Amino acid sequence: MDETILNHQQVQTNGIELHCVSAGKGPLVLLLHGFPDFWHSYRNQIEPLSRSFHVVAPDMRGYNLSSKPAGIASYGISHLVKDMEQLIPTLGHDQAHIVAHDWGGAVAWWLAMRHPERVDRLAVLNSPHPVAFYRELKTWKQLKKSWYMLFFQVPELPEVMLRAGNFKNLRKAIRSAFIRREQITDQDLDLMVEALSQPGALTAALNYYRAAARGSDSAVRMKPTPIDCPTLLLWGEDDHALGVPLTLGLEKWITNLEVQLIASAGHWVHQEAPEEVNEALLAHLQA
């Protein structure tokens with residue numbers, strides 16, 4: 001990571017504290033990470049974006065140094081969306097550009113639908129729009145790719161298996177999922193494990209999946225609505241868990257959409273192809 005000066009702070013939002021890393025001045029860009037990451041997921045984006053923007057990369061609730069409220073229900077999508085909807089004005093802005101990956105992307109889609117006044121431009125990385133995800137889950141091909149989501153519903157066993165041998169299984173799974181494996185180092189994996197080893201963090205991360213599967217969250221039951229803000233969907237073509245068909249058929253739901261596929265990159269496209277992703281993000285956010 002560049003020698004950019006990073007500011008670490010605990011920010012109150014929605015009744016919890018989020019650990020946020022920030023740099024730069026200008027319009028706000030929120031960088032929302034996914035499972036099983038934390039703010040460090042955007043180590044290759046913070047410096048380039050901070051030349052033109054006020055960049056803030058929070059640890060999502062439950063992760064690393066952020067609050068870890070108890071119970072599966074605390075990780076329902078409506079809580080996650082409200083965290084970000086309230087974080088934006090707390091940071092001194094009325095709106096933000098949102099860049100989001102994986103679970104951060106799920107939050108970003110719903111934030112743009114439920115609180116369009118908070119989202120200026122949206123960029124989502126390898127995270128399917130909910131309409132596309134539920135459509136493709138009906139296919140055997142995507143269902144096979146999503147088997148781990150079912151496994152995560154089992155109480156306690158996923159925690160035991162993931163923690164075993166200093167997170168040996170998790171390290172192996174992430175490294176094998178990278179198409180450009182030189183982009184994920186042992187140090188990167190050590191930092192991820194350190195973040196997940198914070199008390200309660202691993203269970204909190206898994207509770208995202210558990211809360212979604214229960215379908216009791218009010219935001220999940222609500223119907224999706226069209227997104228009108230300029231939206232960029234970046235997709236690593238070789239994502240083993242989320243297939244390229246998830247990028248299709250979204251014109252009805254996103255009125256101003258650009259889809260960009262990145263070859264020879266997988267699920268962690270922003271880490272595997274940082275130069276390509278950064279170029280696309282800057283072009284989109286500065287348009």
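The values are calculated or read from the model by the stated rules, or taken from the named source; none is laboratory data. On a predicted model such as this, the values are computed, not experimentally measured, just so you know. Quick reminder, even Gly has a Cβ in these numbers, built from the backbone with ideal geometry, and neighbours come from all protein chains shown.
So the values come out like this:
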{"read-out": "Considering residues of the range 184-221 that are polar (S, T, N, Q) and modelled with pLDDT under 95 only, the residue nearest to Gly165 (Cα to Cα)", "value": "Ser216"}
{"read-out": "Matching entry among Asp228, Asp188 (being among the acidic types (Asp, Glu), surrounded by fewer than 21 Cβ atoms within 10 Å (Cβ to Cβ), under 22 Å from His40 (Cβ atoms) and in contact (Cβ under 8 Å) with a residue 40 or more places away in the chain)", "value": "Asp188"}
{"read-out": "Lone unmet requirement of (1) under 26 Å from Ala164 (Cβ atoms); (2) not in a loop (DSSP other than H, G, I, E, B) for Asn278", "value": "(1)"}
{"read-out": "Residues (part of a strand (DSSP E or B) and either among the hydrophobic types (A, V, I, L, M, F, W, C) or surrounded by fewer than 18 Cβ atoms within 10 Å (Cβ to Cβ) (or both)) located in the range 231-249", "value": "Leu232, Leu233, Leu234, Trp235"}
{"read-out": "Residues located in the range 135-159, provided they are more than 13 Å from Ala241 (Cβ to Cβ), at pLDDT 90 or above and in a helix (DSSP H, G or I)", "value": "Arg135, Leu157, Pro158, Glu159"}
{"read-out": "Residues being in a helix (DSSP H, G or I) and among the polar types (S, T, N, Q) - total across the range 1-48", "value": "1"}
{"read-out": "Pair list, Cβ under 7 Å, 6 or more apart: the range 155-171 residue within 13 Å of Asp190 (Cα to Cα) and of a type in the set (Phe, Trp, Tyr), other residue surrounded by 15 or more Cβ atoms within 10 Å (Cβ to Cβ) and modelled with pLDDT of 95 or more", "value": "Phe167/Val193; Phe167/Leu196"}
{"read-out": "Residue within the range 54-61 that is surrounded by fewer than 24 Cβ atoms within 10 Å (Cβ to Cβ) and in a helix (DSSP H, G or I) present", "value": "no"}
{"read-out": "Residues being under 22 Å from Glu272 (Cβ atoms) and assigned to a loop (DSSP other than H, G, I, E, B) - total across the range 92-128", "value": "4"}
{"read-out": "Flag if Leu80 is surrounded by 23 or more Cβ atoms within 10 Å (Cβ to Cβ), at negative phi and not in a strand (DSSP E or B)", "value": "yes"}
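Rundown of residues vs (1) closer than 27 Å to Glu159 by Cβ; (2) assigned to a loop (DSSP other than H, G, I, E, B), yes/no style:
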{"residue": "Pro199", "(1), (2)": "yes, yes"}
{"residue": "Thr203", "(1), (2)": "yes, no"}
{"residue": "Ala213", "(1), (2)": "yes, no"}
{"residue": "Pro224", "(1), (2)": "no, yes"}
{"residue": "Glu251", "(1), (2)": "no, yes"}
